[in-house]
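Read through the structure below, which is laid out as structure tokens, and then see the notes.
No value in this document is a laboratory result; all are computed from the given coordinates. Not measured: the values here are computed from a predicted model. Cβ sites come from the backbone with ideal geometry, for glycine too, and all protein chains shown count toward neighbours.
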Amino acid sequence: MQPGVHAAAFIQTMPVASTNSAVPNSLLPRFAWFVVFYNVIVIVWGALVRASGSGAGCGNHWPLCNGQVIPVSPGFHTIIEFTHRMMVGGSTFFVLALLVWSFRTTVKGQAARTLAVASMVLLLNEAFLGALLVKLGYVTGNQSTGRIVLLSIHLGNTLLLMAALALTAHLLSTGQRWANLPITRRSIGVMEGLVTTIFVGITGSIAALGDTLFTAPSLQASFAQDFAAASPWLLRLRIVHPVLALIAALFTLWLVAQSRRSGPDQSPEQNSSRERLSNILLLLLGLQFVLGILDVILLAPAWIQLLHLLGADLFWVALVLLAAETLWPASASSVTV
């Protein structure tokens, strides 16, 4: 089962917009979901840049590529890196359009407005962090501590961006307002679980970088690298990723249980949407563990790393959506103009 097959299923979990004038027509939420999945593709392509060693494909020039607006007679690595930059440019245009459209369509106080602004800010920060990686030379074979730190910040920002975009799309469909956001003790537990999941993603990116920089000839040699005193700390930290992944998995199971216990006063459509979303989340969770095991056994080939990242992005979007629907069901808002 490929993680990409679940993308269409996410569309089915989107709440149907009400006829209230404070909720935009379905065209804007659909565009917002397009922006979400477009950015998933951009993120996976960014991982291809790292896995293929194309981070220096445009030299240390930014925003130019090897000193040119459009590279002439580019090589393989230049094509990979330049394509990623063009995709980020497209993402900037789409998120800006989403921001403007949201403000023109929604009313003051709707949560989607704030999250659209957050998406734009996080995307600009994403571009800034990517430019820093290039300008500081933290690409290809660089093994410095600075690269690890900046890469971790970059990945954390990426996950926050995806969460903001997914919540924007979700809340554009429901028209919920911040004034109706319920604050409960359960919210703290959910936030802690989401933060833990972010660190799973960060440690996963560090593990992937270690796999790329320090290839092992065999599975036995790979395990030996993790525990050898002479190994770079980048390799010795790989064990943190599966440990955090298990903790995040327990949180996911808890959240699914919470979602299925809550909302007896919700409409059948809302309960059905939450049920489908929790099933998708569980499927993606299982798929992630399968891909993680294959990644270790097969010594982290690039195609497995890309599939693992794609699954992680879809899993993160589903997790954020289920958390939102569980803690803040649409009927908790009272939308008025």
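Rounded to the nearest 0.05, what FRET efficiency do residue 296 and residue 233 have when you use their Cβ-Cβ distance and R0 = 25 Å? Result of the calculation: an efficiency of 0.85. Helix 111-135 and the longest principal axis of the C-alpha atoms of the chain enclose an angle of approximately 10°. The calculated 222 nm mean residue ellipticity attributable to helices in the chain amounts to -24500 deg cm²/dmol, summing -39500 (n - 2.57) over DSSP H runs of n ≥ 4 and dividing by all residues. Ordering of 235-244, 108-117, 202-211, 163-172 by packing is 163-172, 202-211, 108-117, 235-244, highest average first (other Cβ atoms within 10 Å, averaged per residue). For segment 196-208, the Karplus equation 6.51 cos²θ - 1.76 cosθ + 1.60, evaluated at θ = phi - 60°, returns couplings of 4, 5, 4, 5, 4, x, 5, 5, x, 5, 5, 5, 5 Hz by residue, with Gly and Pro reported as x. Per-residue extension of 0.36 nm, minus the Cα-Cα distance of residue 103 and residue 69, leaves a gain of 9.0 nm for this segment.
Summarising the amide proton neighbourhood of residue 55: residues at separation of 5 or more, or on other chains, whose placed amide H is nearer than 5 Å comprise 140.
Loop-only check: which chymotrypsin sites (Phe, Trp or Tyr not before Pro) in segment 166-269 are DSSP coil with at most 13 other Cβ within 10 angstrom? Of the chymotrypsin sites (Phe, Trp or Tyr not before Pro), not one in the loops of segment 166-269 has a Cβ with at most 13 other Cβ atoms within 10 Å. Diagonalising the gyration tensor over the Cα atoms of segment 38-194 and scaling each eigenvalue by 5 before taking the square root yields semi-axes of 34, 19, 11 Å, largest first.
Modelled spin-label separation between residue 27 and residue 52, with each label point placed 7 Å from Cα along the Cα-to-Cβ direction: 3.6 nm. FRET efficiency for the pair residue 132 and residue 191, taken as 1/(1 + (r/R0)^6) with r the Cβ-Cβ distance and R0 = 25 Å, rounds to 0.35. Compared with the dominant principal axis of the Cα atoms in the chain, helix 145-174 is inclined by about 20°. Database remark: amide H of residue 231 closer than 5 angstrom to no amide H (H placed geometrically; neighbours at sequence offset of 5 or more, or on other chains; Pro and chain starts carry no H). Each label was represented as a point 7 Å from its Cα along the Cα-to-Cβ direction; for residue 240 and residue 261 these points are 3.2 nm apart. In this structure, the amide hydrogen of residue 177, modeled 1.01 Å from its nitrogen in the peptide plane, lies closer than 5 angstrom to those of 111, 334, counting only residues at least 5 positions away or on a different chain. The long axis of helix 240-261 is offset from the longest Cα principal axis of the chain by roughly 10 degrees.
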